[in-house]
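Here is the structure we will look at.
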Amino acid sequence: MKTRKQETLMNRRKSGFTLIEILLVVVIIGILAGIGIPALGGKSEKAKIAQAQGNINTLSMGIREYEIMNGDYPSSLEGLLDSSKGGPFLEKKSVPNDPWGNPFSYSAPGSHNTHTFDLSCTSKKGVVVNNWE
């Protein structure tokens, strides 16, 4: 028959994790992190490119609305905010910068869209996002 002291010692030995179990879990977490982190590496650039395309679409709609109301295109993107011309033609009442913090390139008439306007920006990696392709 076991005494209480022997039972208490056996219970202590059964509870907790061994060093090998802890090391195994740390190694598994390291392997999963090593697989997952590189897979997410290029996603932020793709997300910024998609955001830039969305901003170009939004600005294009504002420019087209301006042209419908005034008969010509604005001389600059800031013209979309002109209240004397029926504006503002942008929901946020400000002209956004591209996702990399630079202003969008705008020209009317455009060199690519000769009867309308060109609107573009370039990522830090040299990817051009525009309204003519």
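The values are calculated or read from the model by the stated rules, or taken from the named source; none is laboratory data. These numbers come from a predicted model, not from an experiment. Cβ atoms come from the backbone with ideal geometry, glycine included; neighbour counts cover every protein chain shown.
Some notes on this structure:
- Number of positions in the range 68-81 that are free of Cβ contacts under 8 Å to residues at least 12 places away in the same chain and either part of a helix (DSSP H, G or I) or surrounded by 16 or more Cβ atoms within 10 Å (Cβ to Cβ) (or both): 1
- Annotation: of all residues in the range 109-133 being of a type outside the set (S, T, N, Q) and closer than 12 Å to L59 by Cβ, the one that is farthest from the chain's Cα centre (by Cα) is F117.
- Matching option when the condition is of a type in the set (G, A, S), buried (at least 19 other Cβ atoms within 10 Å of the Cβ) and touching a residue at least 24 places away in the same chain (Cβ under 8 Å), among S60, S120: S120
- Annotation note: Cβ proximity below 7 Å between a residue of the range 28-57 that is at pLDDT below 90 and a residue that is not aromatic (F, W, Y) (sequence gap 6+ or interchain) occurs for E45/S123; E45/K125.
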